[in-house]
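Engineer: This is the structure I want to talk about, given as structure tokens.
The values are calculated or read from the model by the stated rules, or taken from the named source; none is laboratory data. In this text, all values refer to a predicted model and were calculated from it rather than measured experimentally. Neighbour counts run over all protein chains shown; Cβ positions are idealised from the backbone, glycine included. For the accessible areas, the whole protein counts, side chains as well, though only heavy atoms, and no ligand, DNA or RNA atoms are used. Shrake-Rupley method; radii C 1.70, N 1.55, O 1.52, S 1.80 Å.
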Amino acid sequence: MLRKILTPNFIAEKTQKTEEQMENDIIFEPLRFRNLTVKNRIFRSSISGRWDNYDGSGTQARINWEEKFARGGVGAIITSFVPVAIRGRIMPNYATIDCDERIPFWRKVGEKVHEYDCKFILQLSHSGRQQDIAGIENSGKKALSSTSQTEPFHGFLCQAMTLTEIKETIQYFADGARRAREAGLDGVELHSANGYLFNQFLSSGINDRQDEYGGSLENRARFLLDVIRAIRKEVGNDFHLQFKISAVDYNNAVTFWEKPGNTIEDSIQVCKWAEEAGADGVHVSTGSLFPHPLNPIGDFNFDVITKTYDAMLSSGIETTRNYILFRKSFLHPIFNLLWNRVKKQLPPQAFSGDDVKDPKIKQLLIENQGRNLLDSREIKKHVNIPVLCTGGLQQASYIRQAINDQYCDGVTMARTLIANNYLVKSFREGKDLADKPCTYCNKCLLNVIENPLGCYEQDRFNSYEEMMEEVMSVFHPTQFANSSK
Ligand SMILES: Cc1cc2nc3c(=O)[nH]c(=O)nc-3n(C[C@H](O)[C@H](O)[C@H](O)COP(=O)(O)O)c2cc1C
Ligand code: SF4
């Protein structure tokens, strides 16, 4: 067998097969939505980092960041969380779309990404009560939500929106979509997952309203559907509009005394209504909290969080409790027990990708890759619009099978592309997995509260200096690189 593997004939045979496979590779077939065609099936999932100015105006670093992924070969980029109103910001230094003055900046980012034949979708967002660092403009104001119940993990305070505030917010989303269109972008995504404002309305675990926006599933879905209709009214039917949904809330995953929230059956119904209301695509995620043990799935790193969580200490009434939990190592097993509880309840993976030699990486892939695919397949069975799935995906053979076997029509990737910006290009060249895959350590995620976003898994680099060079590369070129001294 060994001799067969090493013969030149076998090598030629293998190379040819690879080329043939590449020809018919579903990963590189265009994905067609009603108003948008994307050149391949891999989207950069939305990733937020504190690149921008305090007031929500954008910077060159943001443009450099998005360019990295476009250059790496993804078919489309979904931006970061882009607030439609300052009141709906997660933290300062995120570029916003809350006024017309932001249009030129987003036009510039879109034009840069388009140079690589990559589409650019703006994620229209509102934090609701999940506001990590309120910032000075929101100082002294409670966050607006579907409920007045404090967010349980950090203890963020909030107040239930009045009907007038709901109507105003619907219009903020419509205005945001209009601005994205005026900026020449390719579409918008409603961030209706991961515990943010839409999710706070959708979830039976969070929404405790008594009016037409609470109670039955139909009432809880009304806010999302109103926004979809308002956007259609504002921008017409020919602008791409997709929405991200937490297929299952797992609202009691960490704080086990909370109600569990929406089931997959609830979400299937919401997706059907959203399609009827005018949505062109659905992006499947999980969890009514961010971060959540299942999203982004992987480790919870106490070393990082103890260095960065102090930025959030003043944000909620439970942050001090959490800080003590993170800081005192004898309490870590308790936190880990709570954090990992829900992962153990998941059904086993439906399939695996090509065999991986490194046993540690193989195990990481088995545990983390494609954890939302079963939900994504259930949603796909019931809608006619394309379905994108997020969560741990980074192996070509696995992604190929997910699409071929109708689990989804395309995938979105975040950390797995932060770790390997050129992954899509390397899939194109026949590689199944990066030489140094993302380890799902979540050090990038926990750093982002205070530090520039990037891959902080030092084992993937030759030295700390090399890692820093990569993290800081987003600041080059700078805005003033060509100015005279
Ligand atoms: C640092 C970081 C920031 C993120 N920011 C957003 C965001 O702004 N909006 C969003 O919908 N998801 C956000 N996510 C979730 C990702 O888009 C993605 O759905 C999730 O990480 C799973 O994909 P992955 O396993 O490829 O990372 C973020 C994830 C990370 C790690
Ligand atoms: S720090 Fe790097 S390896 Fe760890 S999850 Fe983030 S991108 Fe992946």
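Engineer: Of the listed peptides 157-167, 387-397, 267-277, what is their order by residue-averaged count of other C-beta atoms within 10 Å, with the highest listed first?
Structural biologist: 387-397, 267-277, 157-167
Engineer: Once you keep just the Cα pairs under 8 angstrom separated by 6 or more residues, what percentage relative contact order results for segment 131-265?
Structural biologist: About 24 percent, as a whole number.
Engineer: Over the chain, what is the mean sequence separation of C-alpha contacts under 8 Å (at least six apart), divided by residue count, expressed as relative contact order in percent?
Structural biologist: Across the chain, relative contact order equals 16 percent.
Engineer: For the chain, take the longest principal axis of its alpha carbons; what is the angle in degrees between that and the long axis of helix 8-23, to the nearest 10 within 0 to 90?
Structural biologist: 30 degrees
Engineer: Same structure again: Between K381 and Q345, how high is the FRET efficiency from 1/(1 + (r/R0)^6) when r is the Cβ-Cβ distance and R₀ = 30 Å? Nearest 0.05.
Structural biologist: It comes to 0.85.
Engineer: Near the amide H of S192, under 5 Å away, which other amide H atoms are found, from residues 5 or more places off or on another chain, if H is placed in the peptide plane?
Structural biologist: K244
Engineer: Please list, in order along segment 398-406, the HN-Hα scalar couplings obtained from phi with the Karplus expression 6.51 cos²θ - 1.76 cosθ + 1.60 (θ = phi - 60°), rounded to whole Hz, x for Gly and Pro.
Structural biologist: Each residue's phi maps through the Karplus curve to give 6, 4, 4, 5, 4, 6, 4, 8, 6 Hz.
Engineer: For a protection proxy built on the mean count of beta-carbon atoms within 10 angstrom, sort 206-214, 142-150, 36-44, 74-82 highest first, please.
Structural biologist: Most protected by this proxy first, the peptides run 74-82, 36-44, 142-150, 206-214.
Engineer: Probe radius 1.4 Å, ligands and nucleic acids ignored: give me the carbon and sulfur share of the accessible area of segment 248-349 as a rounded percent.
Structural biologist: Heavy-atom surface of segment 248-349 belonging to carbon and sulfur, 1.4 Å probe: 58 percent.
Engineer: Which ³J(HN,Hα) values, rounded to whole Hz and listed in residue order, are derived for segment 241-257 from phi using the Karplus coefficients 6.51, -1.76 and 1.60 in 6.51 cos²θ - 1.76 cosθ + 1.60 with θ = phi - 60°, glycine and proline given as x?
Structural biologist: Each residue's phi maps through the Karplus curve to give 9, 10, 9, 9, 10, 7, 4, 10, 6, 6, 5, 9, 4, 9, 8, 5, 7 Hz.
Engineer: Now a separate question. Taking the Cα centre of each part, how many Å lie between segment 343-406 and segment 83-143?
Structural biologist: Cα centroid to Cα centroid, the span is 30 Å.
Engineer: Same structure again: By the 4.7 Å beta carbon criterion, which cysteine residues of the chain come out unpaired?
Structural biologist: When partners are defined as cysteine Cβ atoms under 4.7 Å apart, the chain leaves C99, C118, C158, C271, C438, C441, C444, C455 without one.
Engineer: How much accessible area per residue does segment 395-485 have, in Å², with a 1.4 Å probe? Write down the numbers at each step before the final one.
Structural biologist: On the way: 4350 Å² over 91 residues.
For segment 395-485, the per-residue accessible area is 48 Å².
Engineer: Residues of segment 175-216 with amide nitrogen under 12 Å from the 7 Å Cα-to-Cβ point of K233?
Structural biologist: 175
Engineer: Please express the Cα-Cα pair-distance distribution P(r) of segment 236-369 as a list of whole percents, one per 10 Å bin, running from 0 to the bin with the greatest distance.
Structural biologist: 10, 30, 31, 22, 7, 0
Engineer: In whole Å, how far is the Cα centre of segment 212-267 from that of segment 450-468?
Structural biologist: Segment 212-267 and segment 450-468 have Cα centres spaced 36 Å from each other.
Engineer: Once ligands and nucleic acids are excluded and a 1.4 Å probe is used, how much of K307 is accessible, expressed in Å² to the nearest 10?
Structural biologist: About 140 Å², ignoring ligands and nucleic acids.
Engineer: Summing Lys, Arg as +1 and Asp, Glu as -1, what charge do residues with Cβ under 15 Å from the Cβ of S127 carry, S127 excluded?
Structural biologist: Once all neighbours under 15 Å are counted, the net charge is +2.
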